[in-house]
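This report refers to the structure that appears directly beneath it.
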Amino acid sequence: MSKPCKIEVTGVSKIFRKNGTNVAALSETNLAVEEGRFASIIGPSGCGKSTLFHIIAGLMTPTAGDVTVDGQSIVGKAGTVGYMLQKDLLLPWRTILDNIILGLEIRGIPRAQAVERALPLMKKYGLGGFETHYPTELSGGMRQRAALLRTLLYDRDILLLDEPFGALDAQTRLSMQNWLLEIWSDFGKTVLFVTHDIDEAVYLSDDIYVFSPRPGHIRAKITVPIGRPRKAEDLTAPRFMEMKHHLLDLLSAGQVQAEEIS
Ligand code: ADP
């Protein structure tokens with residue numbers, strides 16, 4: 001029996017008014033992610049992926065449609081999900097530790113308690129020894145680790161990750177992907193992940209939603225039929241290559257109906 005949906009987006013559309021004209025960013029978008037799954041969204045630039053994340057995060061209201069978490073509508077309600085943007089947005093004047101505990105502080109958790117929670121996580125997930133460093137002293141990959149740990153400590157069941165590794169070089173990216181999979185498997189979060197990179201989507205995801213060009217809607221949902229744990233060598237295996245070609249076809253095709261492969 002399949003698990004209940006953790007997050008469900010139903011008939012979501014978004015029209016922006018720009019210089020007196022309407023810009024349709026999203027049209028009739030539907031998706032449903034079961035608890036604990038890793039789902040990625042891929043699509044062309046400007047197809048409305050960030051708009052969808054803003055709506056799910058409650059930072060923007062849709063023109064039509066609904067978003068539910070555990071069956072309850074969260075439209076316009078900020079704070080239900082953890083949301084990490086591509087740019088790490090670490091505060092340059094705070095140490096890495098103080099950046100990581102920011103969400104806890106905002107929620108009124110005493111600093112000593114927040115620090116007690118953050119330190120073991122920093123140690124376990126590759127930031128031990130960097131507590132008193134400032135963001136500018138860290139590499140791009142380390143900063144993304146810090147930003148993700150901060151999002152994790154916000155303690156929400158759902159993580160929205162908008163191209164978190166987009167600006168990293170290939171080598172760092174692969175180690176960050178493995179690092180993220182470790183966190184995902186340790187914490188059992190439901191993840192929605194935006195990426196431009198098909199390899200990355202196949203390597204990380206249980207399900208991949210392919211967006212159409214703007215106004216964005218889900219063109220296809222693909223379930224990745226490859227077991228875990230996955231390894232870097234898998235990226236060149238025939239099954240991965242097949243998936244990649246299929247996704248490329250979907251991204252470039254004009255008229256493709258939603259389908260499911262499992
Ligand atoms: P993606 O994340 O897929 O690159 P976005 O969600 O950022 O796409 O944007 C989708 C479309 O909506 C783009 O054409 C963008 O210019 C437009 N758009 C996004 N935000 C706004 C806004 N606040 N006002 C007007 N147009 C916007």
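We did not get these values from a lab; they are worked out from the coordinates using the rules stated. Remember, predicted model here, so these are calculated numbers, not experimental data. Cβ atoms come from the backbone with ideal geometry, glycine included; neighbour counts cover every protein chain shown.
A few remarks follow.
- Shape summary: region 39-124 maps onto an equivalent ellipsoid whose semi-axes, from the alpha-carbon gyration tensor, are 30, 17, 12 Å in decreasing order.
- 198, 100, 226, 7 arranged by Cβ crowding within 10 Å, fewest neighbours leading: 226, 198, 7, 100
- Nearest-ten-degree value, helix 111-124 long axis tilted from longest Cα axis of the chain: 70 degrees
- The chain: most fluctuating residue of 165, 130, 193 per GNM, C-alpha cutoff 10 Å: 130
- When 158, 218 are arranged by Cβ crowding within 10 Å, least crowded first, meaning fewest neighbours, the order is 218, 158.
- Angle between the chain longest axis and helix 140-153 axis [Cα atoms, degrees, rounded to 10]: 90 degrees
- The residue 223 and residue 253 beta-carbon pair, evaluated with R₀ = 25 Å, returns a calculated FRET efficiency of approximately 0.85.
- Cα-only Debye scattering, region 1-62: base-10 log of I(q)/I(0) at q = 0.20 Å⁻¹: -0.84
- Ordering 49, 221, 231, 124 from the fewest to the most neighbouring beta carbons within 10 Å gives 231, 124, 221, 49.
- Taking amide H as placed 1.01 Å from N in the peptide plane, residue 220 has its amide H under 5 Å from the amide H of 210, each at least 5 places away in sequence or on another chain.
- Gaussian network model of the chain, Cα within-10 Å springs - most flexible of 211, 38, 187: 187
- Local electrostatic count, residue 22, Cβ distance below 15 Å [Lys/Arg +1, Asp/Glu -1]: +4
- Relative to the current alpha-carbon distance between residue 155 and residue 131, full extension at 0.36 nm per residue lengthens the span by 6.6 nm.
- Segment residue 59-residue 111, extension gain: residue separation times 0.36 nm, minus the distance between their alpha carbons: 16.0 nm
- Simple spin-label estimate for residue 237 and residue 94 in nanometres, 7 Å along Cα-Cβ: 4.1 nm
- For region 87-155, relative contact order (Cα pairs under 8 Å, six or more residues apart, normalised by length) works out to 50 percent.
- Beta bridges per DSSP with both ends in region 120-244, % antiparallel, nearest 5: 50 percent
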